[in-house]
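K.L.:
Here it is, the structure in full.
Derivation of every value follows stated rules applied to the coordinates shown; laboratory data play no part. Predicted, not measured: the structure shown is a model, and the values here were computed from it. Reconstructed Cβ throughout: ideal geometry from the backbone, glycine too, with neighbour counts over all protein chains shown.
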Amino acid sequence: MLRLTGTFLDEITHDIPSQNWGEKEWRREFALYQKIGIDTVTIIRAGYQDKCIFPAKSVPGLLPVNDDLAARFLDLAGEFGLKLYFGTFDSGSYWERRSYWKEIDLNKAFLDEVGERYGNHAALGGWYMCHESSRHDAHIVELFNQIGGHAKSIRDLPVLISPYPAGTKQFSVHNAMTLEESVEHWDRIFDETKDTIDICAFQDGQIQYRELPQFLSSVRALGDKHGITIWSNVETFDRDMPIKFPPADWRYLRLKMEEATKTAEKMITFEFAHFMSPYSCYPAAHNLFRRYCEAHGIDFDEIVEK
């Protein structure tokens with residue numbers, strides 16, 4: 001079974017709580033990543049609505065930003081030998097209201113500023129397009145090509161996406177898509193974005209566990225067809241509970257990891273710091289990490305700071 005070798009970093013606190021970590025806590029976390037083989041960190045979104053992880057001048061109306069987390073994450077990634085994928089900006093409005101051109105213009109200006117600030121940083125290893133989608137339409141293809149293409153023009157690095165299948169764990173029976181429909185939609189998306197998207201890591205939490213083998217093998221076949229590297233975003237939070245969002249049950253996380261090992265070149269997760277770290281605000285995450293260590297022959301007591 002593959003280890004997790006990448007994690008998202010969620011510090012915009014879109015739908016999970018802030019842990020209120022500072023320099024000391026993040027340094028401890030990044031040091032742990034190095035010890036357990038995590039070599040890639042991805043900023044899930046660098047901005048959302050009126051929030052941002054650095055004091056951006058390119059986006060009007062932001063709340064005050066007193067701490068440059070982008071610089072901190074890049075510097076820590078460099079110090080501990082990790083590569084960082086830089087997330088784009090989600091307006092939370094324009095693209096959802098079909099005004100995709102406004103989302104594109106906002107992100108182009110934002111990425112220009114990111115390039116000026118951090119574009120030459122040695123730890124910058126790629127770009128992450130944070131606009132998650134489940135199905136084909138013209139505006140999501142335009143978003144991917146325009147925003148991803150602009151990011152590559154700033155620095156020619158791999159572009160990663162982490163979309164989701166519209167499965168029955170998240171959508172009603174009337175709005176969910178069959179696996180066959182999802183595959184057909186993504187076949188078209190990959191064909192129309194082949195010059196932009198380099199890596200795709202599908203989220204694995206929206207479909208039923210019994211559907212995973214077929215879905216993951218189909219996704220790998222699409223990747224092979226279109227020349228896209230396939231990772232798996234093995235979610236370490238639980239969608240089975242009626243609350244948002246507790247750490248995952250180890251029994252089912254292991255099941256997902258075992259299935260992803262058969263098809264993915266790399267396993268990443270949303271999101272280690274909250275849902276699996278021994279330093280998480282959730283006690284259940286500490287236990288989840290113990291189970292993970294046991295499965296992979298890692299000495300929990302040796303690597304975790306007391």
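K.L.:
Provide, as a two-decimal number, the C-alpha radius of gyration of the chain over 2.2 N^0.38 Å, N being how many residues it has. Walk me through the numbers on the way to the answer.
P.N.:
Working: Rg = 18.4 Å, N = 306, 2.2 N^0.38 = 19.4 Å.
Ratio of Rg to 2.2 N^0.38 Å for the chain: 0.95.
K.L.:
Just want the answer: with Cβ charges of +1 for Lys and Arg and -1 for Asp and Glu, which residue in L253, G37, P283 is farthest toward the dipole's positive end in the chain?
P.N.:
Working it through, the farthest residue towards the positive pole turns out to be P283.
K.L.:
Share of antiparallel DSSP beta bridges in the chain, in percent to the nearest 5?
P.N.:
On the way: 3 of 32 bridges.
Beta bridges within the chain, antiparallel portion: roughly 10 percent.
K.L.:
Picking from F190, H131, G6, whose Cα lies most toward the positive end of the charge dipole for the chain (charges on Cβ: Lys, Arg +1; Asp, Glu -1)?
P.N.:
Of the listed residues, the answer is G6.
K.L.:
I'd like to compare 37-50, 203-216: which one has the highest average count of other Cβ atoms within 10 Å, and what's the full order after that?
P.N.:
37-50, 203-216
K.L.:
Same structure, new question: Take L255 and D224, extend 7 Å from each Cα along the Cα→Cβ direction, and tell me the distance between the two endpoints in nm.
P.N.:
Computed distance between label sites L255 and D224 equals 2.6 nm.
K.L.:
Residue separation times 0.36 nm, minus the C-alpha to C-alpha distance between S217 and D50: what's the value?
P.N.:
Numbers: separation 167, 0.36 × 167 = 60.12 nm, distance 3.89 nm.
Using 0.36 nm per residue and subtracting the Cα-Cα distance, I get 56.2 nm.
K.L.:
For the range 4-303, what's the relative contact order in percent, using C-alpha pairs closer than 8 Å and at least 6 residues apart? Working shown, then result.
P.N.:
Details: 541 pairs, mean separation 48.1, N = 300.
Result for the range 4-303 is 16 percent.
K.L.:
Treating only the Cβ atoms of Lys and Arg (+1) and Asp and Glu (-1) as charged, compute the dipole magnitude of the range 4-303 about its Cα centre; round to the nearest 20 debye. Working shown, then result.
P.N.:
On the way: 32 positive and 46 negative charges, 31 e Å.
Magnitude of the dipole: close to 140 debye.
K.L.:
R0 = 22 Å: FRET efficiency of D299 with R28, Cβ-based, nearest 0.05?
P.N.:
0.80
K.L.:
Here's something else I'd like to know. Using the beta-carbon distance between C281 and S93 and R0 = 30 Å, what value does 1/(1 + (r/R0)^6) give for FRET efficiency, to the nearest 0.05? Present the calculation step by step, with values, prior to reporting the outcome.
P.N.:
Details: r = 29 Å, r/R0 = 0.98.
E(calc), rounded to 0.05, equals 0.55.
K.L.:
Taking 41 Å as R0, compute the FRET efficiency from the Cβ-Cβ separation of K194 and K306 and round it to 0.05.
P.N.:
On the way: r = 50 Å, r/R0 = 1.21.
The calculated FRET efficiency here is 0.25.
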